[in-house]
Structure formats: structure tokens, C-alpha cells
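Below: the structure, in C-alpha cells.
What follows is calculated from the coordinates using simple rules that are stated; it is not laboratory data. Since this is a predicted model, take the numbers as computed values, not measurements. When we count neighbours, we look across all protein chains shown, and the Cβ atoms used for this are built from the backbone with ideal geometry, even at glycine.
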Amino acid sequence: MRLNELFLSIQGETSSAGLPTIFVRFTGCNLRCTYCDTKYSYYEGDPITPEQVMEQIRALKVKRVCLTGGEPLIQPRQETQVLLDMLANEGYEVSIETDGSIDISKYTMHENQRFIVDMKVPSSGMSERMHWANLRHLVPNRDEVKFVVGNREDYEWCTNLVREYDLDPAKGYQLIFSPIFREIELEQLVNWILEDGLDARFQVQLHKIVWDPDKRGV
């Protein structure tokens with residue numbers, strides 16, 4: 001494994017937004033999204049073992065962990081699974097923020113562990129790289145699907161996916177719609193969601209409001 005950074009902050013996104021969270025950011029990403037805000041994670045980082053990661057996590061004394069990147073699932077699968085097992089054994093709540101391009105079904109998830117699958121919209125330049133079967137592997141009332149929207153085309157692409165894969169919130173599917181930072185008016189995205197009667201969570205990146213948007217380690 002290669003670790004880019006590990007720090008304590010508040011979760012800026014997902015259903016855990018605002019809660020104290022330990023972020024474990026791994027090095028490397030298999031995609032190159034146009035709006036990426038963590039390009040420094042593409043290459044920067046040092047080798048580390050799952051055991052060493054756990055040592056750093058324990059020292060921060062918070063029981064909520066987010067595995068992120070880059071793309072965390074490009075780390076060796078066996079080592080990632082070892083880390084997930086260790087976190088489960090010690091009672092941590094875990095979310096894995098993955099870019100939607102890698103098969104999530106290969107991992108054994110435990111209680112209080114979930115995927116946040118960030119399906120890349122057309123304006124990301126990476127929408128054709130998605131592993132579509134992930135939308136069939138989502139576990140209702142556990143996993144979340146995140147759509148980061150930059151324009152009307154992106155929004156309609158997202159809602160078409162929701163219909164095509166029957167990601168009905170009434171069946172336990174959790175949908176998150178977020179604006180690409182500084183690319184779209186917040187009110188515009190909210191209005192689209194309300195006009196369509198879409199039972200989805202609207203969110204902004206809280207960490208970019210609390211701190212400078214370019215600040216690292218938050």
C-alpha cells in the first residue's frame with residue numbers, strides 16, 4: 001500500500017457530513033477527472049502496511065474512518081481487505097469513497113462498513129470508464145451513490161442512471177447530488193432536484209466552506 005496522507009477532520013460529504021472522521025488517503029488513481037481536487041494524490045506517498053495504518057488510526061482516537069484517494073481500491077486487494085478486517089475487529093465505522101470504475105463486489109464488507117460510489121458524469125471526461133455492474137452490487141440501506149454535477153447534461157445523465165438501474169430511495173438506495181465546485185449555481189441544482197421530485201440528498205463540500213478550498217489535510 002502507499003499512503004498519501006492520514007488526518008483527522010470533519011466529513012465534508014456523504015450522509016456522514018459534519019461528523020469527525022479520520023481520512024486515510026491512498027496514493028494513485030486510475031482516472032483523470034477534469035474537476036479533480038486531489039491531483040497531489042496521484043503520485044505522492046510512501047509505502048505502508050495495513051498494521052502501520054492502524055497504528056496511526058488508533059492514535060487519533062476517533063471511531064469513524066474514510067478510505068479515500070485518489071482511488072483507494074487500486075491498492076493491493078488483499079492488503080485492503082486486511083485493513084477492512086482489522087477496522088471491523090476494533091469497532092470502527094468505515095466508508096470507502098471509490099470512483100465507480102472498479103468492481104466493488106470483490107471485497108468482503110463488515111457491519112458499519114459501506115461504499116460511497118462516485119459515478120463520474122460526462123463533464124468529468126471519465127463516464128465511459130465506469131464499472132456499470134457496481135450499480136447492481138450496491139447494498140440498499142448501506143451503500144451510497146454520489147453524483148457530482150456540473151451542468152444540465154450531467155444531471156440528466158444521473159437521473160437516467162437512477163431510472164435505468166431502479167435506484168429507488170424507497171427501496172433503500174441512498175442518492176447524493178453534489179455540485180462541481182464553482183461550476184454550477186447551487187440553487188440551480190437544488191431546483192432541478194425539487195422539480196423532479198427526486199428523493200436525493202443535496203450536499204456541498206463542507207470542508208471547502210470551513211477552510212480554504214485549496215487547503216490540504218482537512
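On a C-alpha basis, how far is the centre of region 163-180 from the centre of region 44-95 in Å? Whole number, if you could?
27 Å
How much length is gained on full extension from residue 170 to residue 108, taking 0.36 nm per residue of separation minus their Cα-Cα distance?
19.8 nm
Given the Cα-Cα distance of residue 19 and residue 49 and 0.36 nm per residue of separation, how much length would full extension add, in nm?
So the chain would gain 8.1 nm between residue 19 and residue 49.
What FRET efficiency, computed as 1/(1 + (r/R0)^6) with R0 = 45 Å and r the Cβ-Cβ distance, is obtained for residue 194 and residue 218, rounded to the nearest 0.05?
0.90
Spin-label point model (7 Å from Cα, Cβ direction): what's the residue 181 to residue 85 distance in nm?
3.7 nm
What GluC sites (Glu not before Pro) in region 94-130 are in a loop by DSSP, with at most 12 other Cβ atoms within 10 Å of the Cβ?
Here the GluC sites (Glu not before Pro) that fit, given the DSSP loop and packing criteria, are 111.
Let's test the formula: R0 of 41 Å, r as the Cβ-Cβ distance of residue 59 and residue 132. What FRET efficiency results, to the nearest 0.05?
0.55
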